[in-house]
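Engineer: My structure is below; once you've seen it, I'll send some questions.
The values are calculated or read from the model by the stated rules, or taken from the named source; none is laboratory data. Model, not experiment: these values are computed from the prediction. Every residue, glycine among them, receives a Cβ derived from its backbone with ideal geometry; neighbour counts consider all protein chains shown. When the accessible area is computed, the model is the full protein with side chains, heavy atoms only, and any ligands, DNA or RNA have been set aside. Shrake-Rupley method; radii C 1.70, N 1.55, O 1.52, S 1.80 Å.
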Amino acid sequence: MKKAGVLSVLFVVVLLAVAVVAEAQQPTKVPRIGYLAASSLSALAARTEAFRQGLRELGYVEGKNIVIEWRFAEGKLDHLPALAAELVRLKVDIIVTAGPQTTRPAKQATSTIPIVMAQDPDPVGNGFVASLARPGGNITGLATLAPELSGKQLELLKETVPKLSRVAVFGTSTNPGNAQNLREVELAATAFGVKLQYLDVLSPNDIETAFQAASKGRADAVLMLPGSVLVLRRAQLTDLAVKSRLPAIYQQTEFTEAGGLMYYGTNTPELFRRAATYVDKILKGAKPADLPVEQPTKFEFVINLKAAKQIGLTIPPNVLARADKVIK
């Protein structure tokens, strides 16, 4: 009996040991992140790389301890709802959205999967969060809301082109946040005594028409509002601005890299790098409802001297001295 009892105890010990080893050998769950963007990968290369960099800084290596499901609409905004639904079917742990055009279909696709906005001009106005301090739902992230931005851009245009009196404003009326951005430009224009000509660019087909209208309207310069249609065709836009000999200021840094004259605004790749911190916090148990939306605190001013030379414009020394970066 004693021998049988000892054998029974040994058998139980062996079973427990096997169970512990088996449990230790179980692969840990690798987080799966969905990334939803309206434009193409090539158009957003700097932003996606900044997001990857932010993840690496926090110890996440794509393909090793984190999986990213990349979804790009290639400028076809009507494809976004299907792409968002696909990420939900994949049961990703978090969806990162590259702009308001992508946050809305993601919000419509799920009310339970956490959504991290890499950027949004007005998260409250767009109905994505209850407030910046307490989002309240499954969405949080970073805002680009900066009321002084448009006024500063007009100020820089005015200093660069002293005789500035007419400005063509390119925007996309269907773009969330466009109306608010336009209101800010209008307020600034009144203060600076500048007349505005708003030109709606709903598709790539409208770009050449918009430049023709700007020239016909005797515009002295162009101000570009943010929008996926414009970003996707930034090379065409900057090229036409040069051919039209129109000084232009943009709200996204990719334009100056593509040959645009000036950029003033938030450092967009930095926002995408910061988005990784929200992913990290949520993976560690934080709820989007309790994570305040981060607002921009740093802005940058970039001047492309090559573009200035191409349109025969001399940048005043006082404007040049204020640039954070000069492209030669």
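Engineer: If a residue counts only when it is farther than 18 Å from Asn181 by Cβ, which strands (runs of 3 or more DSSP E) contained entirely in the stretch 230-328 have at least 3 such residues?
Structural biologist: Of the strands (runs of 3 or more DSSP E) lying wholly inside the stretch 230-328, those with at least 3 residues that are farther than 18 Å from Asn181 by Cβ span 299-304, 325-327.
Engineer: Which members of the stretch 170-185 meet the condition of being surrounded by fewer than 24 Cβ atoms within 10 Å (Cβ to Cβ) and touching a Phe, Trp or Tyr at 6+ places or on another chain (Cβ under 7 Å)?
Structural biologist: Scanning the stretch 170-185 gives a single hit, Leu182.
Engineer: Also: So, in the stretch 147-169, how many residues would count as being open to solvent by 10 Å² or more (accessible area, probe 1.4 Å) and in contact with a Pro (Cβ under 7 Å, 6 or more places away or on another chain)? Give the derivation first.
Structural biologist: First, pick out the residues of the stretch 147-169 that are open to solvent by 10 Å² or more (accessible area, probe 1.4 Å): 147-149, 151-152, 155, 158-159, 161-163, 165-166.
Filter once more, keeping what is in contact with a Pro (Cβ under 7 Å, 6 or more places away or on another chain): 159, 161.
Residues flagged as open to solvent by 10 Å² or more (accessible area, probe 1.4 Å) and in contact with a Pro (Cβ under 7 Å, 6 or more places away or on another chain) within the stretch 147-169 amount to 2.
Engineer: Six or more apart or on different chains, Cβ atoms under 6 Å: show the pairs whose first residue is in the stretch 149-177 and outside any helix (DSSP H, G or I) and whose second is hydroxyl-bearing (Ser, Thr, Tyr).
Structural biologist: Val169/Tyr198
Engineer: Would you check which residues across the stretch 218-229 are at pLDDT 95 or above, surrounded by 15 or more Cβ atoms within 10 Å (Cβ to Cβ) and either in a helix (DSSP H, G or I) or not β-branched (Val, Ile, Thr) (or both) and list them?
Structural biologist: Once the filter is applied, which keeps residues that are at pLDDT 95 or above, surrounded by 15 or more Cβ atoms within 10 Å (Cβ to Cβ) and either in a helix (DSSP H, G or I) or not β-branched (Val, Ile, Thr) (or both), the stretch 218-229 yields Ala219, Asp220, Ala221, Leu223.
Engineer: Please specify each residue of the stretch 93-120 satisfying the condition of being in a loop (DSSP other than H, G, I, E, B) and buried (at least 23 other Cβ atoms within 10 Å of the Cβ).
Structural biologist: Correct list: Ala98, Gly99, Pro114, Ala118, Gln119, Asp120.
Engineer: For Val124, only one of the following conditions fails: (1) surrounded by fewer than 19 Cβ atoms within 10 Å (Cβ to Cβ); (2) touching a residue at least 40 places away in the same chain (Cβ under 8 Å); (3) assigned to a loop (DSSP other than H, G, I, E, B). What is its number?
Structural biologist: Only one criterion is unmet by Val124, namely (2).
Engineer: For the stretch 62-80, which residues satisfy the criterion of being touching a helix residue (DSSP H, G or I) at 6+ places or on another chain (Cβ under 9 Å) and open to solvent by less than 70 Å² (accessible area, probe 1.4 Å)?
Structural biologist: Initially, the stretch 62-80 is screened for residues touching a helix residue (DSSP H, G or I) at 6+ places or on another chain (Cβ under 9 Å), giving 62, 66, 68-75, 77, 80.
Ile66, Ile68, Glu69, Trp70, Arg71, Phe72, Ala73, Gly75, Leu77, Leu80, listed by residue number.
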